[in-house]
């Protein structure tokens, strides 16, 4: 997708692009939750090493999986237009339609907490791996249902599952956004990537990531957030939960000032029950 976008933006002037596959620790370690084995760095450290070592010129990421705080030597050079931000439920038509006591396969603290808040009777089963692996586990009967990002399914041509309304389950920060990182001092590559940067997606993703930074959230923190534009007005909505989904707090703010995400984070933490606040380090 990124290579095609570069070629479309630069036409005949586009350079030859070689795709260098890099298998990350996150790909290899599939039997434990991210929080137990290094967090989101499992998806980035090998690509960071290749980028800073000059083995590659830029790295492509699902922005949902990129740590909030990045090295100063690396820049988020471009964001492609954001895809569907919603989750899809595979195995039932809706959360309400899940069988009593259903086993739901997921490794996401956010999805687990949101499901438990909606359906305290369900059982969460650890599902790690790529889309094909998770769908295979579901088909093998390891769970009655699973949740996957609609954007990932769409990009793979997998027309499965039922989209969960945002009003039912607010998505993860940066869900559906593909980002491209380059060395911060590589002017040639930054100039190459600049024309494929989608400004509305950048505004949304930067606001959501700023909220994460202000909350002091990590991969253990059940947090949902979405920045959207409607009629020229940008807003940022967010929700914090405890692991059991039994306590949560939500709020929204207009993105009219640069410090709006930090102010929203402060409001959420101020109102959050102690067991929710304990999952965030705050400012």
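The values are calculated or read from the model by the stated rules, or taken from the named source; none is laboratory data. As the structure is a prediction and not an experimental result, all values here were calculated from the model. A quick note on method: Cβ atoms are made from the backbone with ideal geometry, for glycine too, and the neighbour counts reach across all protein chains shown.
Values computed for the structure shown
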| item | result |
| --- | --- |
| Options 181, 206: the member that is within 22 Å of residue 49 (Cα to Cα) and over 11 Å from the mean Cα position of the chain (by Cα) | 181 |
| Condition check for residue 36: farther than 19 Å from residue 188 by Cα, at pLDDT below 95 and either assigned to a loop (DSSP other than H, G, I, E, B) or under 17 Å from the mean Cα position of the chain (by Cα) (or both) | no |
| Considering residues of segment 245-278 that are in contact (Cβ under 8 Å) with a residue 60 or more places away in the chain and within 22 Å of the chain's Cα centre (by Cα) only, the residue surrounded by the most Cβ atoms within 10 Å (Cβ to Cβ) | 245 |
| Residues located in segment 224-237, provided they are in contact (Cβ under 8 Å) with a residue 24 or more places away in the chain and out of contact with any helix residue (DSSP H, G or I) (no Cβ under 6 Å at 6 or more places or on another chain) | 226, 228, 229, 234, 237 |
| Failed criterion for residue 107 (all others in (1) crowded, with 19+ Cβ neighbours inside 10 Å; (2) in a loop (DSSP other than H, G, I, E, B); (3) modelled with pLDDT of 95 or more hold) | (3) |
| Of the criteria (1) in contact with a helix residue (DSSP H, G or I) (Cβ under 8 Å, 6 or more places away or on another chain); (2) over 30 Å from residue 236 (Cα atoms), which one residue 52 fails | (1) |
| Single unsatisfied condition, residue 151 versus (1) within 24 Å of residue 67 (Cβ to Cβ); (2) at pLDDT 95 or above; (3) in a loop (DSSP other than H, G, I, E, B) | (3) |
| Matching residues in segment 110-128 - criterion: being more than 21 Å from residue 276 (Cα to Cα), touching a residue at least 40 places away in the same chain (Cβ under 8 Å) and not in a loop (DSSP other than H, G, I, E, B) | none |
| Number of the exception - residue 171 against (1) part of a loop (DSSP other than H, G, I, E, B); (2) touching a helix residue (DSSP H, G or I) at 6+ places or on another chain (Cβ under 6 Å) | (2) |
| Residue satisfying condition, being assigned by TED's automatic domain parsing to the domain that holds residue 65 and over 30 Å from residue 116 (Cα atoms), within set 193, 233 | 193 |
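One line per residue, one yes/no per condition, for (1) surrounded by fewer than 21 Cβ atoms within 10 Å (Cβ to Cβ); (2) at pLDDT below 95; (3) under 18 Å from the mean Cα position of the chain (by Cα):
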{"residue": "190", "(1), (2), (3)": "yes, no, no"}
{"residue": "193", "(1), (2), (3)": "no, no, no"}
{"residue": "215", "(1), (2), (3)": "no, no, yes"}
{"residue": "226", "(1), (2), (3)": "no, no, yes"}
